[in-house]
1. Does residue 356 satisfy the condition of being touching a strand residue (DSSP E or B) at 6+ places or on another chain (Cβ under 8 Å) and either open to solvent by 10 Å² or more (accessible area, probe 1.4 Å) or more than 16 Å from the ligand (Cβ to nearest atom) (or both)?
2. How many residues, within segment 532-550, are under 20 Å from residue 223 (Cα atoms) and not in a helix (DSSP H, G or I)?
3. Do you know which of the residues in segment 519-565 that are closer than 23 Å to residue 297 by Cβ and β-branched (Val, Ile, Thr) is surrounded by the most Cβ atoms within 10 Å (Cβ to Cβ)?
4. Pairs, please: C-beta under 7 Å, at least 6 apart or cross-chain, first residue more than 16 Å from residue 429 (Cα to Cα) and in segment 384-401, second in a helix (DSSP H, G or I)?
5. Assuming residue 526 fulfils every condition listed in (1) within 14 Å of the ligand (Cβ to nearest atom); (2) among the small types (Gly, Ala, Ser); (3) within 17 Å of the chain's Cα centre (by Cα) apart from one, which condition is it?
6. Do you know which residues across segment 338-353 are open to solvent by less than 10 Å² (accessible area, probe 1.4 Å) and either outside any helix (DSSP H, G or I) or within 16 Å of the ligand (Cβ to nearest atom) (or both)?
7. So residue 362 fits all but one of (1) crowded, with 19+ Cβ neighbours inside 10 Å; (2) under 22 Å from the mean Cα position of the chain (by Cα); (3) more than 16 Å from the ligand (Cβ to nearest atom); what number is the exception?
8. Select from segment 216-255 the residues that are farther than 28 Å from residue 536 by Cα and β-branched (Val, Ile, Thr) and write down the one among them that is most open to solvent (accessible area, probe 1.4 Å).
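The values are calculated or read from the model by the stated rules, or taken from the named source; none is laboratory data. What you see is a predicted model; the values in this text were computed from it and never measured. Reconstructed Cβ throughout: ideal geometry from the backbone, glycine too, with neighbour counts over all protein chains shown. Heavy atoms of the whole protein, side chains included, go into the accessibility calculation; ligands, DNA and RNA do not. Shrake-Rupley method; radii C 1.70, N 1.55, O 1.52, S 1.80 Å.
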Amino acid sequence: MTKRILFRSFHILNSKFYIPSQFTTHDKNNHMLRFLFPALILSLTLIQSAIAFQSIIPKPVEIKHTDEADFRIHRNMAIVTDTEDEKLNRLAGMVRDLVYPSTWTFLPVSDTFAPKDTVIILELTGTDAVPQPEGYTLSVDPSAIRIQASSYAGLFYGIQTLRQLLPSETGFNDPSLMPRNTEPSIPAMEIKDHPRFEYRGMHLDVARHFFPADFVKRYIDLMAMHKMNRFHWHLTEDQGWRIEIKKYPKLTTIGAWRDSTLIGNYGSGEYDGIRHGGFYTQEEIREIVSYAAERYVTIIPEIEMPGHSSAALAAYPEFGCFDKEYKVQSTWGVFEDIYCPKEETFGFLEDVLTEVMELFPGTYIHIGGDEAPKKQWQQSEIAQEVIKREGLADEHELQSYFITRIEQFLNANGRQIIGWDEILEGGLAPQATVMSWRGEAGGIEAAQMKHDVVMTPGGTNYFDHYQADPSSEPIAIGGYTNLEDIYRYEPVPDTLTEEEAKYILGAQGNVWTEYMHTPDKVEYMAYPRAAALAEVVWTPAENKNWLEFWARMQTHFKRLDALGVNYGPHYNRGIKN
Ligand code: ACM
């Protein structure tokens, strides 16, 4: 049994199943109570939320309703922005598409208000009304909806808010969902909004199972709609290498394919016997990177090292320590196969990372670093020679040497590394950002050492866990994390001083796909938990309220329905399966 699976099993033993705590009745057969109580809470909170919060997720920092009349969406309007500016034009196009299902006409985009009497204005200004760089203001009065920000990203977030001010069916799908000429109206209000954290992430493991490029785009779309801005793309693993590298074609001709897949529980020995694989071409990756950029999402590619590298070693065994047969793995867990710390391996990894940097313009490259067993390094003369040559104490310091060499290479090219919290063992590379997954201890230690941290603790931020009673759920790897658990997550541990807390860049939800064979299953596991996480990383902690969020979710489920998102339905109307 591996650490990750052990870790997850621990959570499953400690889980509390069935109904969210506030709805729990001692008599589970008492259906009246089970339905009436949530219904009462729902109606009270819905009324409150309709007035105060408009069911926007993540909840904005401030919404003030004003006494003016509503703004009516109708055909005779214009979208006003600086049409000379290509990015503003693209943002205006997004607004036009969102409004289309309500008007059945494409509104003109223009530089001037005339001749229309009502307008939606997108304005790039030097506003200091809200914190920058991602803040925005949105005001609604009878003649105009005005979105202002000092960055394009801020305007994009204002547009995401506008999208949620429209009826939940509109702007989310096919206009035929909308009856003609409904002319929806939006109450007069002033919104001031900005994110709490700069890093608002979702992760996707495309290695345990491969998902088509179009699904990756949809995943990014859903993130962006929730104002998330970092997509951690887990591209290499023991079970498959998913990124085309021109200099090393066998990474994908061999490394992207496995013979069979474990389909039963870990240890069941139940395999499907079906070849599985696939990879993204560099052309597809460029397209996805630019698609993400248009939605203000930065992609952080992960190239795992020194462990979780069976697929790469199956393709190029010469970068292992032993002359043995390596294979692309068909089961899950942690494998002893590991890159050998010899010069040829560093040359190979630098070549790979050079192509990776050409494809991904963002600052961060994730280099993995987790779950790297040291047994082969203990047995390898080459690894032991490196330990002696470099004056290292042991194999943990050898891992630190390995990661630090890669960091130096990436830093010399203007990039920064992120690694899982195991990179603290044996000494943290000087500039590294730590992704804390084995709880928060690694993140706390790193912040105390003045290193940046992204929080992804397994107990709350692993969206591969069950979200309801496993006996009624499709198979998952283990654990239990329901919507409320992630909603209540606080990324800044109270053990940190105010100064240390500044190193917590934000948080992320991790979607490991051992038991997610299809895009539908990924959506089932990622949503609605990602919506709760969006509020964790965007909304000020003091504005959060679980019941009120849950009430807003009732409207949000309709939006997800309109988009055809296959979310886990357990909290839809508060009734768990
Ligand atoms: C991890 O879950 N091994 C980072």
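1. Values: touching a strand residue (DSSP E or B) at 6+ places or on another chain (Cβ under 8 Å): yes; either open to solvent by 10 Å² or more (accessible area, probe 1.4 Å) or more than 16 Å from the ligand (Cβ to nearest atom) (or both): yes.
Judged against the criteria, residue 356 is a match.
2. Number of matching residues: 3.
3. If we take residues in segment 519-565 being closer than 23 Å to residue 297 by Cβ and β-branched (Val, Ile, Thr), then 537 is surrounded by the most Cβ atoms within 10 Å (Cβ to Cβ).
4. Pairs found: 386/398; 387/398.
5. Condition not satisfied by residue 526: (1).
6. Just the residues of segment 338-353 that are open to solvent by less than 10 Å² (accessible area, probe 1.4 Å), to begin with: 338-341, 345-346, 348-349, 352-353.
Listed by number, the residues that qualify are 338, 339, 340, 341.
7. Of the numbered conditions (1) crowded, with 19+ Cβ neighbours inside 10 Å; (2) under 22 Å from the mean Cα position of the chain (by Cα); (3) more than 16 Å from the ligand (Cβ to nearest atom), the odd one out for residue 362 is (1).
8. As a first pass, look at segment 216-255 and keep what is farther than 28 Å from residue 536 by Cα: 236-255.
If we keep only those that are β-branched (Val, Ile, Thr) as well, we get 236, 243, 245, 252-254.
Values: 236: 2, 243: 0, 245: 2, 252: 8, 253: 95, 254: 71 Å².
Among residues in segment 216-255 that are farther than 28 Å from residue 536 by Cα and β-branched (Val, Ile, Thr), the one most open to solvent (accessible area, probe 1.4 Å) is 253.
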